[in-house]
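See structure below.
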Amino acid sequence: MATSITTAGPRTRRGWTLTIVCTAIFMLLLDVTVVAVALGDMQQSLDASLADLQWVVDAYALSLACLLLTSATVGDRIGRRRVFLAGLSVFTIGSLACALAGDAFVLDLTRALQGVGGAMLFGTAIPIIGDAFREPKARAAAIGIFGATLGGATAVGPLVGGLLVDLAGWRWIFLVNVPVGVLALIAGARILPESRAERPRRADWPGTALLTVTLLTLLLGLIRGHVDGWTSAPIVSLFAGSAVACIAFLVRESRTAEPMLDLSLFRSRSYTGVSLAAFAVSATVIASTTYLGLYFVNTFAYEPFDAGLRFLAFTVASFVAAPLAARLVDHVPAAWTVSGGLLLVTVGMAWMAQIDGASAWTAFVPGFVIAGSGAGVLSACLTQAALDAVEPSRAGMATGVVSTMRQLGVAAGVAVFGVLFHSSGTDATSEALHGSGVPGDAVRQLGEAVGSGAGVTVLDQTPAAYGDGVAQAVRDASATAMSDILWWGAVAAAVATILVAALMARPRP
């Protein structure tokens, strides 16, 4: 950790400091996956398209990814407590605005505001904990609790979301943050000590702007591509703009004296492996929960809470695996725990990918247990593995980049899986209904609805004259789309496993 100067607050309150920070982080990370089983309700309530639903997740993750490192730098300079409390205020206001949103576009914008507050919280969380727990053993224990909080919040999101949606509607998945945020804000203002870095860096605002443009244009292109056409001028322009902004960002970060993202961190093969693992687990199994939740609600026709209960195997496995893995951090090489966690994710997703239209929800359970165990292992060991891979003076940047990679993974995974789901769903519907006697226009409309994740809810507007074959075709096509993104997720996780194992197997310089 970078040397800090604590300017206020008794050191004896460090237990309360950890509690307040972990509560805020739990709340903001819960909002990454809590929407998974609420998307079906949002889709009907707001008449939202698949692109709208993707942005409900990605607007939040994008703000987190783009502003997290800069928030950490600003906190080092003007005071971490000040930035943390400001972030808590913005997050709470953003949550209230999400709950009051009247249409999908406003919801997406308010989710971005929520993400801004989340970035301020996430960017200052580890430095605040590091300043409160300065002894190595106590700091390692505190970081272990922080890592368990990360995994627990992500895993329990679908269950909490389902309960709130069933009891009071989707708006309450955001409203519940308001009283928690207010209480945490009051407690934080009274208890958290102020601290700053002894030698703070300047905020790299040009780098922040370039990263935002890079990711925003890339995600816009991916999410809008199937609507506007992949070779259309707007989409090609978005991808070209993203590439140019990315090159400019890398040039900026390699030449400026105080970059937002210190590219020299990636000279360490071990650290590169840890960062890749953080990105991969979020881009595969965590991103897939968005579509699994939609599938359980719209294709299996479960109520949101019942859908959330179906994620319980994943949740419990993650909770059990995380503390077990935390005990192994000091005794087992990081290369084994990190690549082993990714291997479990790979096997779990491959198992789930074997579903078809006749599969019951129980077909997902073994895969949930295996993939959930992998996610729990990674949540417990990634932060410590990142710290072990770099010099102590660069610990803040190292953990910040890993957290950023997690959010980048969520945003990228949701966008890419959306492309695959839409393409597979529409194609499978057309193929299943070919020669069925259903008019071509109706087949195209059904395909678009299935590709948007509507599942069997499309049958409510389908004339009975089309016959029972349409219902089976819709179920089969939805299962095919779900299976395809799980298979591709398993392939991506497998490739990441091999690369991570190779990168981390050799000792770092």
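The values are calculated or read from the model by the stated rules, or taken from the named source; none is laboratory data. Because the structure is a prediction, the values reported are computed rather than measured. Here the Cβ positions follow ideal geometry from the backbone for every residue, glycine too, while neighbour counts run over all protein chains shown.
Observations on the model:
- Residue match in region 117-129 (condition: more than 19 Å from Gly400 (Cα to Cα), more than 18 Å from the chain's Cα centre (by Cα), part of a helix (DSSP H, G or I) and of a type outside the set (Phe, Trp, Tyr)): no
- Taking first residues from region 57-77 that are more than 17 Å from Thr124 (Cα to Cα) and partners that are among the acidic types (Asp, Glu) and buried (at least 24 other Cβ atoms within 10 Å of the Cβ), the Cβ contacts under 9 Å between residues at least 6 apart in sequence or on separate chains come to Tyr60/Asp31.
- Total residues in region 94-103, condition part of a helix (DSSP H, G or I) and surrounded by fewer than 20 Cβ atoms within 10 Å (Cβ to Cβ): 4
- Tally of residues being within 27 Å of the chain's Cα centre (by Cα) and either without any contact (Cβ under 8 Å) to a residue 12 or more places away in the chain or in the same structural domain as Asp58 (by TED's automatic domain parsing) (or both) across region 427-461: 1
- Residue tally, condition farther than 19 Å from Val274 by Cβ, part of a helix (DSSP H, G or I) and of a type outside the set (Gly, Ala, Ser), over region 333-380: 12
- Residues located in region 105-135, provided they are more than 21 Å from Ala189 (Cβ to Cβ) and at pLDDT 90 or above: Phe105, Val106, Leu107, Asp108, Leu109, Thr110, Arg111, Ala112, Leu113, Gly115
- Screening Ala325 against (1) touching a residue at least 60 places away in the same chain (Cβ under 8 Å); (2) surrounded by 24 or more Cβ atoms within 10 Å (Cβ to Cβ) leaves a single unmet condition, (1).
- Within region 294-307, residues that are polar (S, T, N, Q) sit with their Cβ atoms under 6 Å from residues that are surrounded by 24 or more Cβ atoms within 10 Å (Cβ to Cβ) and part of a helix (DSSP H, G or I), at 6+ positions apart or across chains, in these pairs: Asn298/Gly40; Asn298/Gly455; Thr299/Gly455; Thr299/Ser478.
- Leu150 of a type outside the set (S, T, N, Q) and either outside any helix (DSSP H, G or I) or surrounded by fewer than 22 Cβ atoms within 10 Å (Cβ to Cβ) (or both): no
Residue-by-condition table, conditions (1) in contact with a Cys (Cβ under 8 Å, 6 or more places away or on another chain); (2) in a helix (DSSP H, G or I); (3) within 28 Å of Phe417 (Cα to Cα); (4) not assigned by TED's automatic domain parsing to the domain that holds Leu408:
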position: Val182; (1), (2), (3), (4): no, yes, no, no
position: Ala187; (1), (2), (3), (4): no, yes, no, no
position: Arg199; (1), (2), (3), (4): no, no, no, yes
position: Leu220; (1), (2), (3), (4): no, yes, yes, yes
position: Val227; (1), (2), (3), (4): no, yes, yes, yes
position: Ser254; (1), (2), (3), (4): no, yes, no, yes
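- Residue match in region 72-93 (condition: more than 24 Å from Leu18 (Cα to Cα), in the same structural domain as Val416 (by TED's automatic domain parsing) and surrounded by 22 or more Cβ atoms within 10 Å (Cβ to Cβ)): no
- Residue within region 220-227 that is free of Cβ contacts under 8 Å to residues at least 40 places away in the same chain and in contact with a Leu (Cβ under 6 Å, 6 or more places away or on another chain) present: yes
- Failed criterion for Ala138 (all others in (1) modelled with pLDDT under 80; (2) surrounded by fewer than 23 Cβ atoms within 10 Å (Cβ to Cβ) hold): (1)
- Thr231 vs. criteria within 26 Å of the chain's Cα centre (by Cα), hydroxyl-bearing (Ser, Thr, Tyr) and either closer than 30 Å to Arg80 by Cβ or surrounded by fewer than 17 Cβ atoms within 10 Å (Cβ to Cβ) (or both): no
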